[in-house]
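As structure tokens, the structure follows; a few thoughts come after it.
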Amino acid sequence: MKLVKLIANLGYGSRKDVGWMFREGRITDAAGEVLYADDRVAHGDIRVDGEALDPPQGLLIALHKPVGHTCSTKDPGRVIYDLLPPRFRLRDPALSPVGRLDRDTSGLLLMTDDGGLLHRIISPKSNLPKVYEATLAQDLRGDEVDVFASGSLMLESEDTPLAPAAMQVLSPRHARLTLTEGRYHQVRRMFAAMGNRVETLQRVSIGGLGLGDAAPGQWRILTGEDRSRLFSSP
Ligand code: URA
């Protein structure tokens, strides 16, 4: 791919903008030599204003989504893209959330620009467990573990029952739930079906990948090792 297109696709500017960046000498190699638009250089050797070029397509990031941000590009309020470098929202192919978390849910959110990887993560075939911790408005009734594990719980306006889900009681109003599906507002609706209400909800892991010690709003680019962990059992 031509350098101008490569750099523009990473969100640094339009092709015209990037053309000017070359003319202004802002694009160099690792040794600081000014590059020209028709040079052939390995991705890892390109610098923009002295900084390494963002990773190429195939990016996978883990974000600790805070409460109050939506997983949308269009919402007029706070969105997850506000937490990333502004050019990440201009990448082509687009960097998209892998599944969604509600505005009021925090925790581990993956984002990628690799459609194949996205489908592999969300595909029921991969069967990746997603673990949530919920605090509840009322004490647990006592039958939630069995009802959630039954594989027969039908949520309102759905036509197939939920797959069996494992629940661990952490305290009378605090539970850990492991799901392999990702239906709309699933955890909140599951507890609503039991006459309860979720007060706070956090996703703590996906597959074998946990939130770690990332603070809300922090993100990082995942390595090959992280990807293996993601697809390994927790
Ligand atoms: N279940 C929910 O209710 N909300 C989420 O964001 C994720 C799972």
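Some notes on this structure:
- Distance distribution note for segment 1-67: the fraction of Cα pairs above 15 angstrom is 51%.
- Spatial separation of Cα centroids for segment 11-65 and segment 156-234, in angstrom: 37
- Heavy atoms of the protein chains alone define the surface here; on that basis segment 26-151 has 51 Å² accessible area per residue at 1.4 Å probe size.
- Whole-Hz Karplus values for segment 50-63 come out as x, 9, 4, 5, 4, x, x, 4, x, 6, 9, 10, 10, 10 Hz, taken residue by residue from phi with 6.51 cos²θ - 1.76 cosθ + 1.60 and θ = phi - 60°; glycine and proline positions read x.
- Heavy-atom accessible area for Asp75, with the other protein chains in place and a 1.4 Å probe, reaches approximately 50 Å².
- When all protein chains stay in place and ligands, DNA and RNA are ignored, the 1.4 Å accessible-area order of Lys130, Lys5, Lys65, largest first, is Lys5, Lys130, Lys65.
- Around the amide H of Leu128, modelled in the peptide plane, lies no amide H under 5 Å away from a residue 5 or more places distant or on another chain.
- Using a probe radius of 1.4 angstrom, the carbon and sulfur fraction of the accessible surface of the chain is 50%.
- Over segment 3-52, Cα pairs under 8 Å with separation of 6+ residues give a relative contact order of 31 percent.
- Sequentially through segment 143-157, phi angles give Karplus couplings (6.51, -1.76, 1.60; θ = phi - 60°) of 9, 4, 4, 5, 5, 5, 7, 5, x, 10, 6, 9, 8, 4, 6 Hz, Gly and Pro residues having no value and appearing as x.
- Rg(Cα)/(2.2 N^0.38 Å) for the chain, N = residue count: 1.23
- Over 16 Å [Cα-Cα, segment 143-234], rounded percent: 61
- Trp219 sits with roughly 90 Å² accessible to a 1.4 Å probe, with DNA, RNA and ligands left out of the calculation.
- 3J(HN,Hα) along segment 130-136: 10, 10, 10, 10, 10, 9, 10 Hz, from the Karplus curve 6.51 cos²θ - 1.76 cosθ + 1.60 with θ = phi - 60°, whole Hz, x for Gly and Pro.
- Taking all protein chains together and a 1.4 Å probe, the residues Asp226, Asp17, Asp39 rank Asp17, Asp39, Asp226 from largest to smallest accessible area.
- Nearest-10 value in Å² for the accessible area of Ser72, using the 1.4 Å probe: 30
- Trypsin sites (Lys or Arg not before Pro) lying in DSSP loop within segment 134-234, provided at most 16 other Cβ fall within 10 Å: Arg141, Arg173, Arg183, Arg197
- Under 5 Å, built H, 5+ apart or other chain: amide partners of Val79: Thr70
The values are calculated or read from the model by the stated rules, or taken from the named source; none is laboratory data. Remember, it's a predicted structure, so these values are computed and weren't measured experimentally. Note: ideal-geometry Cβ built from the backbone for every residue, glycine included; neighbour counts use all protein chains shown. The protein model used for the area step is the full one, side chains on, heavy atoms only, and it has no ligands, DNA or RNA in it. Shrake-Rupley method; radii C 1.70, N 1.55, O 1.52, S 1.80 Å.
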